[in-house]
Amino acid sequence: MGKIVVFGAGGRAGRRVVAEAAGRGHEVTAVVRDPGKHGGLAREGVAVVAGDVTDAASVAAAAAGHDAAVQAAARMDVPSEEFYAAAARALVEGLSRAGVRRLVAIGIGSLLEVSPGIRLADTPGFPRDARAFSLGHGAELPVYEQSDLDWVVLAPPPVFLDEVAERTGRYRIGDGRVPEPAEGEPVFSFADLAVAVVDEAGGGAHHRAQVAVSS
């Protein structure tokens, strides 16, 4: 089994990624801003450490000796473009310093396309505030594209994910388009998003692209 460092380990997605990875026998470093607020992350195989995903030195220190990194961090108290661009730059520099090439980032479904060249966030009537946040989130993509990292951005459906559904272990990986809902399938869950993330962190079949992940 490998060693995975998870940035944003205290969030809704990050907590589940940590649990999924540890449950499979990976050694996990869970990076949060304040470990004192995230005692629930501690379990066998998990080291909880303080770190800042927007600081390259902090990223390098946390990632040293790991096989892959996961970017699940988010901030709502700063502009999205400022945060995601800074995080991407720090990850590129810090992971390179640490010798970690594989990066799996959790994206946002509103940046997937509904038709060639047209993202959901660009469609008429898309809420202005949500569009601004989405475009800010997308500031990470050109940073990754210009790097030497073996990265993939997994974009879940543009809906609120199910926070309480149990893990099924099933998911679909698409392309850069908003996925068509599978008939009869429930809303995609954070638990199954975590399965996809850990699969990609452990090797994965997708490289240097943003792809959809869904039920």
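The 3J(HN,Hα) values that the Karplus relation (6.51, -1.76, 1.60; θ = phi - 60°) gives for segment 203-213 are, in residue order, x, x, 10, 10, 9, 6, 7, 9, 10, 7, 10 Hz. Gly and Pro appear as x. Summed over qualifying helices (DSSP H, 4 residues or more, each -39500 (n - 2.57)) and divided by its residue number, the chain shows a 222 nm mean residue ellipticity of -9500 deg cm²/dmol. A crude spin-label estimate for the pair ALA61 and ARG172, with each label 7 Å from Cα along the Cβ direction, gives 4.5 nm. Close amide H partners of GLN210, meaning residues 5 or more places away or on another chain with modelled amide H under 5 Å apart, are VAL153. Taking the DSSP beta bridges in the chain as the whole, what percent of them are antiparallel, to the nearest 5? So the antiparallel bridges amount to about 10 percent of the total. Accessible area per residue for the chain is 48 Å², calculated with a 1.4 Å probe on protein heavy atoms, without ligands, DNA or RNA. Computed over the Cα atoms of the chain, what is the ratio Rg over Rh, Rh following Kirkwood? The Rg/Rh ratio comes out at 0.94. Centroid-to-centroid, using Cα positions, segment 1-80 and segment 171-215 are 20 Å apart. When the square roots of the Cα gyration tensor eigenvalues are ordered a ≥ b ≥ c, the ratio a/c for segment 33-142 is 1.5 or more and a/b exceeds b/c, which makes its shape prolate. Note on MET76 and ALA47: their simple-model spin labels are 3.2 nm apart, each label 7 Å out from Cα toward Cβ. Helix 12-23 and the long axis of the chain differ in direction by around 50°, with both axes built from C-alpha atoms.
First compute the accessible area of segment 1-95 with a 1.4 Å probe, then give the percent of it belonging to carbon and sulfur atoms.
Numbers: 1980 of 4100 Å².
Here it works out to 48 percent.
Solvent-accessible area of THR123, all protein chains in place: 40 Å² (probe radius 1.4 Å, heavy atoms, ligands and nucleic acids excluded).
Can you tally the net charge around ASP150? Count Lys and Arg as +1, Asp and Glu as -1, for every other residue whose Cβ sits under 12 Å from the Cβ of ASP150.
Numbers: positive: ARG101, ARG102, ARG208; negative: ASP67, ASP148, GLU200.
Local charge sum for ASP150: 0.
A straight chain from PHE160 to ARG128 at 0.36 nm per residue would run longer than the Cα-Cα distance by 9.7 nm. What do you get for the angle between helix 80-98 and the principal long axis of the chain? Use alpha-carbon atoms, 0 to 90 degrees, nearest ten. Between the helix axis and the principal axis of the chain, the angle is about 40 degrees. Relative to the longest principal axis of the C-alpha atoms of the chain, give the angle of the C-alpha long axis of helix 190-201, reported between 0 and 90° and rounded to the nearest 10°. In the chain, helix 190-201 runs at an angle near 70 degrees to the longest axis.
The values are calculated or read from the model by the stated rules, or taken from the named source; none is laboratory data. Quick caveat, the model's predicted, so the values are computed rather than measured. Positions of Cβ are generated from backbone atoms using ideal geometry, with glycine treated the same way; all protein chains shown enter the neighbour counts. Accessible surface areas use protein heavy atoms only, side chains included; no ligands, DNA or RNA. Shrake-Rupley method; radii C 1.70, N 1.55, O 1.52, S 1.80 Å.
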